[in-house]
1. Identify the residue in region 337-366 that is assigned to a helix (DSSP H, G or I) and more than 28 Å from the chain's Cα centre (by Cα) and, among all such residues, is nearest to residue 252 (Cα to Cα).
2. Looking at region 28-43, can you tell me whether even one residue there is surrounded by 14 or more Cβ atoms within 10 Å (Cβ to Cβ), touching a residue at least 40 places away in the same chain (Cβ under 8 Å), in contact with a helix residue (DSSP H, G or I) (Cβ under 8 Å, 6 or more places away or on another chain) and assigned to a loop (DSSP other than H, G, I, E, B)?
3. Cβ-Cβ distance below 6 Å, separation of 6 or more or different chains: which pairs start in region 119-130 with a residue that is at pLDDT 95 or above and end on one that is β-branched (Val, Ile, Thr) and buried (at least 22 other Cβ atoms within 10 Å of the Cβ)?
4. Spot the failing condition for residue 346; the list is (1) within 24 Å of residue 568 (Cβ to Cβ); (2) buried (at least 16 other Cβ atoms within 10 Å of the Cβ), and only one is missed.
5. Kindly provide the set of residues from region 158-192 that are among the acidic types (Asp, Glu), part of a loop (DSSP other than H, G, I, E, B) and over 14 Å from residue 148 (Cβ atoms), ordered by number.
6. Examine region 238-256 for a residue that is over 20 Å from residue 339 (Cβ atoms) and among the basic types (Lys, Arg), and state whether such a residue exists.
7. Cβ-Cβ distance below 9 Å, separation of 6 or more or different chains: which pairs start in region 487-515 with a residue that is buried (at least 23 other Cβ atoms within 10 Å of the Cβ) and end on one that is among the charged types (D, E, K, R) and assigned to a helix (DSSP H, G or I)?
8. Among the numbered criteria (1) modelled with pLDDT under 95; (2) more than 27 Å from the chain's Cα centre (by Cα), which single criterion is violated by residue 510?
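The values are calculated or read from the model by the stated rules, or taken from the named source; none is laboratory data. Keep in mind the model is a prediction, meaning the values are calculated, not measured. Quick reminder, even Gly has a Cβ in these numbers, built from the backbone with ideal geometry, and neighbours come from all protein chains shown.
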Amino acid sequence: MTDNDRSHRAFEGTSDSISLYLRTFYSLLRSSGGVRVRAFEEAHAFSDSTLHAGARGVVPDVAAFAYAGARLPSCMPYVRQIVLGQSHEQFEAAGFNVRTWSELRTRGRRRPLRYDGDETLAVFVTSTSDIDDLIPIITAYQIEWNKLHARLAGSALGRAIARTPAEDPIDIDDAEFSALLDLDAAGVSTLRAAFGESIDHGLRQIVARDADLMIRSLSASYSGYQRAAHRWWSGLEPVYIQKSPPKRPPVYFVSSNTHSLLNLLGGYARDHRNEIIDYLRRKNPERLGEVLDQATERNDDTTLSNLSYYLLRAWLHDSESDTRERLEAVQRYDAESGVHTINSPGHIDVGAQLIELKSLQKSRVDPRVCVPGFERLAQSDAVIVNIDYPLGMAAYHLFSRLAQGSGDILGAYVMGKAATLNGRVGDVMVSDTVYDEHSGNTYLFRNAFTAADVQAHLRRGTVLDGQKALTVRSAFLQNRAYMERYYHEGYTVLEMEAGPYLSAVFELTFAERHPRREVINLCNVAPFDVGILHYASDTPYSRRQELLSKSLSYFGVESTYGCASAILQRILSREVQRLASL
């Protein structure tokens with residue numbers, strides 16, 4: 001049975017139209033040659049995705065276009081061919097010398113990309129989730145591109161855009177734009193945001209041509225995904241093993257982001273708070289000056305810390321500063337606190353941080369996570385391995401490989417974004433049941449966290465525990481009927497990583513591969529502490545505005561650092577207890 005055939009078996013839990021869409025693109029991608037994205041469009045449109053509600057309409061769905069555009073590179077208007085592969089060697093065997101191509105990033109998705117500078121984009125896939133995620137994104141992008149082309153090409157506005165010299169900015173009257181594309185003011189603003197800083201280039205290309213993208217999938221295999229995970233661990237392992245030679249130190253595993261744990265433990269932003277606050281007063285980014293004034297008046301240390309954490313990156317890259325010198329200073333400062341960052345180990349775009357608990361300095365640690373008995377940590381041999389949360393099934397492959405190469409796993413903690421069907425944006429959800437669409441399994445587990453663990457760190461958001469989470473294959477691979485079905489069964493959290501992580505936990509608990517389509521009770525049997533927290537970035541059951549057209553920006557800081565504080569309190573408290581028992 002092939003990897004694609006095994007993927008098809010997991011489609012049974014989805015709605016009929018979503019299942020048809022999945023079967024369509026997986027079967028077409030078996031072709032050894034390129035496949036036109038047009039071949040996916042009908043199945044995509046009739047899947048009735050909640051993220052692409054206007055797919056079959058004639059009015060451009062600019063929210064879906066913006067969502068897709070944010071997850072594709074800025075060169076996308078020039079791309080004609082997209083090639084999917086698992087390794088440099090695989091690309092090179094097919095004639096694509098990707099080692100010499102430009103490395104690219106996107107605003108909304110971390111995925112290794114290479115661009116030949118002309119018409120070909122190479123995408124490294126590290127799990128089936130990359131395919132589940134990427135194909136609908138590209139298809140939605142092309143559908144909406146061609147709607148925009150149909151309205152702009154041949155119009156007076158389109159002719160004016162075409163006549164504008166390439167080196168000159170395009171002057172667009174929003175009222176004319178709105179009337180031609182049948183958009184309101186918010187829609188025009190969303191369309192502008194879809195292109196980021198390259199709107200002029202994008203509009204010129206839209207006016208000039210239809211999109212007719214080709215996708216070629218080089219042969220993909222399960223072992224190829226495992227090899228990618230091995231390369232990732234090979235980039236991380238040398239830093240890990242030098243921390244406590246010759247023994248491999250025990251590990252507290254965390255899947256979160258690359259800033260929250262670092263800021264709470266490293267202390268650089270707190271130590272430079274005055275400079276960051278001065279930058280905020282001068283530049284007032286996102287109009288956060290009012291938040292600053294209120295926090296200062298209340299002497300609110302938590303909000304002032306959160307502001308400094310949130311604005312640290314902007315301050316470091318301030319055009320008036322020497323950015324390189326500041327970044328080097330941050331790395332030296334972090335190293336003094338036992339924090340070591342490894343960017344994209346093994347050329348996989350999932351960064352990692354190793355944090356030596358014995359090197360933490362109490363004076364630098366955020367008071368929220370400075371637990372009783374902190375001084376005992378100086379005798380600790382344990383490390384926190386924090387990875388920049390991977391997408392979908394990549395979580396399973398990377399965590400499994402890390403566990404094979406590390407010392408004892410003392411705890412596994414996951415913090416990520418999710419959609420909520422019963423809460424509000426900024427709320428935190430604590431689940432103890434997860435249905436995983438990849439395996440078809442329902443996992444029951446004892447979550448290390450309760451609402452009280454996080455609520456103490458929140459002022460605006462609500463913490464909802466006792467929730468049931470649904471691990472979906474892709475943000476696009478959902479429709480209203482699909483969500484209603486699970487909502488009626490009590491599933492209120494839609495996310496992408498909990499199921500794969502729990503499949504890995506199963507395999508670290510039992511001497512067998514995880515099964516399929518079973519109810520699995522991990523309560524009281526997992527050999528280490530397991531905690532999963534999600535903060536809400538979207539409310540798709542009622543509307544799709546947040547996920548499609550907005551980022552959480554500063555509004556998400558409270559829930560992010562509330563979750564991170566709860567995770568670190570748990571880790572540090574358990575490590576103090578472990579050391580006391582030795």
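1. This residue is 358.
2. yes
3. 121/82; 122/83; 122/98
4. The failed condition is (1).
5. Within region 158-192, 167, 168, 171, 173, 184 meet the criteria.
6. yes
7. 496/133
8. (1)
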